[in-house]
Amino acid sequence: MKISYKPLWKLLIDRDMTKTELRKRTQIAPSTFTKMNNDQQVSLDILARICVELKCGFDDIVRIESEE
């Protein structure tokens, strides 16, 4: 199973918001954003903070892809 944050990056583009701006608003560490850029798993708390800030659901920012 592979995690993809492509929906989040697209949402930021649609809302004209940078990754840095989101990171500062949610007070998420730069190292966590590096993990997300590399499609690595992050805690549910981090995803929840992003969803609250962007007023969206988990499925709007994360996609689970099967590894075939």
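The values are calculated or read from the model by the stated rules, or taken from the named source; none is laboratory data. From a predicted model like this one, the values you see are computed outputs, not experimental measurements. Glycine gets a Cβ as well: all are built from the backbone with ideal geometry, and neighbour counts include every protein chain shown. The area values use the complete protein model at the heavy-atom level, side chains included, leaving out ligands, DNA and RNA. Shrake-Rupley method; radii C 1.70, N 1.55, O 1.52, S 1.80 Å.
Structural remarks
- Restricted to helices (runs of 4 or more DSSP H) entirely inside region 1-43, no element has at least 2 residues that are modelled with pLDDT of 95 or more and of a type in the set (Gly, Ala, Ser).
- Hits in region 9-19 (condition: open to solvent by 50 Å² or more (accessible area, probe 1.4 Å) and hydrophobic (A, V, I, L, M, F, W, C)): Ile13
- Which listed residue is more than 10 Å from Tyr5 (Cβ to Cβ), open to solvent by 80 Å² or more (accessible area, probe 1.4 Å) and within 12 Å of the chain's Cα centre (by Cα), from Asp45, Asp60: Asp45
- From the options Thr32, Thr20, Thr26, residue that is of a type in the set (Val, Ile, Thr) and within 25 Å of Ser66 (Cα to Cα): Thr32
- Residue list for region 20-42, restricted to those being open to solvent by 80 Å² or more (accessible area, probe 1.4 Å) and of a type in the set (Lys, Arg): Lys24, Arg25, Lys35
- Being open to solvent by 60 Å² or more (accessible area, probe 1.4 Å) and touching a Lys or Arg at 6+ places or on another chain (Cβ under 9 Å) is a property that holds for Lys6.
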